[in-house]
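Notes to accompany the following structure.
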Amino acid sequence: MDIYLYDESFRKKGFHRPAGIDEAGRGPLAGPVVAAAIVLPSGKRIKGLRDSKKVPEKERASLFMDVLCNCLDVGLGIADAETIDRINILKATKLAMCSAVKDLSFGADILLIDAVRLPSLAVEQISTIKGESVSASIAAASIIAKVVRDGIMLHYDEMYPEYGFGRHKGYSTREHIEKILLHGPCPIHRKSFEKVFALPLPFQGD
C-alpha cells in the first residue's frame, strides 16, 4: 500500500494541511507518553518512511532527521507519569495529542489520527486503526514520537541507572520487572498500572 496516496486523497478533497498524529509510550510501566503531529508537503516522499515499530533504531534516527528536514510543520506533546496516574493513560494520550496539535506553528485543517479521536479540538478528524501503516504523515509522527520518547528514557537511564531504562525504555520486559522487584518503583514509574501498584514494595521518593 502506498501510504502517500492516503494523505493525498484528503488534499484532493480540499484539505491543504493534513496533519498526521501518533504517540509512543502508551504501554510502558514508566516514563511519559509522547505525541507528535506532522504536516508533510504534497508530492514529497521520504525514503523508507513507515511505522516506527518496523524500523530498526539506527534507521529511526536517520528517518527522524529526514522528517524534520522535509516536513512543513511539527508539533510535540508530552504527558508525564504523574499525569498518566492522575487522569489515566487514554486521557493522557489524548492530552499529549491535543498538545502536539496546538504546538503546530501553522495549524492543520484535518487531523489524521492513529486509532483515537480528539473531541476537544474543533478540527475535522479521521481516526484510522493502524494509521501508521496507512498514512505517510501518521508514520512520520510515529517516528518523531518514538525517537523523542526514547531520548527522554535515555535521560532517565542516567538518573536511575539501576533500572536499565536505556535498554527497555520502560516497557514491561522481564529485566524491567526484575529491577522493580529488586529496587522498588522509582518516581517515573506509573503507579496506576497494575504491574507496578500490585508489587508489595515502597515507592522511591515517597
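Condition test on Ala61, is it of a type in the set (Gly, Ala, Ser) and under 30 Å from Met159 (Cα atoms)?
yes
State all residues of the range 37-56 that are touching a residue at least 40 places away in the same chain (Cβ under 8 Å) and either part of a helix (DSSP H, G or I) or small (Gly, Ala, Ser) (or both); if no residue qualifies, say none.
The first filter runs over the range 37-56 and keeps only residues touching a residue at least 40 places away in the same chain (Cβ under 8 Å), leaving 37-40, 45-46, 49-53, 55.
Correct list: Ala37, Ser52, Lys53.
Could you identify the single residue in Glu162, Glu158, Glu178 that is modelled with pLDDT under 95, over 21 Å from the mean Cα position of the chain (by Cα), of a type in the set (Asp, Glu) and in a helix (DSSP H, G or I)?
Working: Glu162 fails: modelled with pLDDT under 95; Glu158 fails: modelled with pLDDT under 95.
Every option except Glu178 fails the conditions.
Buried (at least 19 other Cβ atoms within 10 Å of the Cβ) and either at pLDDT 95 or above or over 18 Å from Ala37 (Cβ atoms) (or both): which single residue out of Phe197, Phe106, Phe193, Phe203 fits that description? Steps first, please.
Values: Phe197 fails: buried (at least 19 other Cβ atoms within 10 Å of the Cβ); Phe106 fails: buried (at least 19 other Cβ atoms within 10 Å of the Cβ); Phe203 fails: buried (at least 19 other Cβ atoms within 10 Å of the Cβ).
Only one candidate qualifies: Phe193.
Could you check, for the range 117-130, whether at least one of its residues is within 17 Å of the chain's Cα centre (by Cα), hydroxyl-bearing (Ser, Thr, Tyr) and surrounded by fewer than 16 Cβ atoms within 10 Å (Cβ to Cβ)?
Step one: of the range 117-130, the residues within 17 Å of the chain's Cα centre (by Cα) are 117-118, 127-130.
Now narrow it down to the ones that are hydroxyl-bearing (Ser, Thr, Tyr): 127-128.
Filter once more, keeping what is surrounded by fewer than 16 Cβ atoms within 10 Å (Cβ to Cβ): 127.
Checked against the condition, which is being within 17 Å of the chain's Cα centre (by Cα), hydroxyl-bearing (Ser, Thr, Tyr) and surrounded by fewer than 16 Cβ atoms within 10 Å (Cβ to Cβ), the range 117-130 yields at least one hit.
In the range 138-166, which residue that is over 30 Å from Pro41 (Cα atoms), out of contact with any helix residue (DSSP H, G or I) (no Cβ under 7 Å at 6 or more places or on another chain) and not acidic (Asp, Glu) is surrounded by the most Cβ atoms within 10 Å (Cβ to Cβ)? Before the answer, list the steps.
As a first pass, look at the range 138-166 and keep what is over 30 Å from Pro41 (Cα atoms): 153-166.
Subsequent filtering for residues that are out of contact with any helix residue (DSSP H, G or I) (no Cβ under 7 Å at 6 or more places or on another chain) retains 155, 158-161.
Within this subset, residues satisfying the condition of being not acidic (Asp, Glu) are 155, 159-161.
On the way: His155: 12, Met159: 11, Tyr160: 17, Pro161: 10.
This residue is Tyr160.
Looking only at the range 1-57, count how many residues are more than 30 Å from Asn88 (Cα to Cα), buried (at least 24 other Cβ atoms within 10 Å of the Cβ) and of a type in the set (Val, Ile, Thr).
0
The values are calculated or read from the model by the stated rules, or taken from the named source; none is laboratory data. Fair warning: this is a prediction, and the values are worked out from it, not measured in the lab. Cβ: placed from backbone, ideal geometry, glycine included. Neighbour counts: every protein chain shown.
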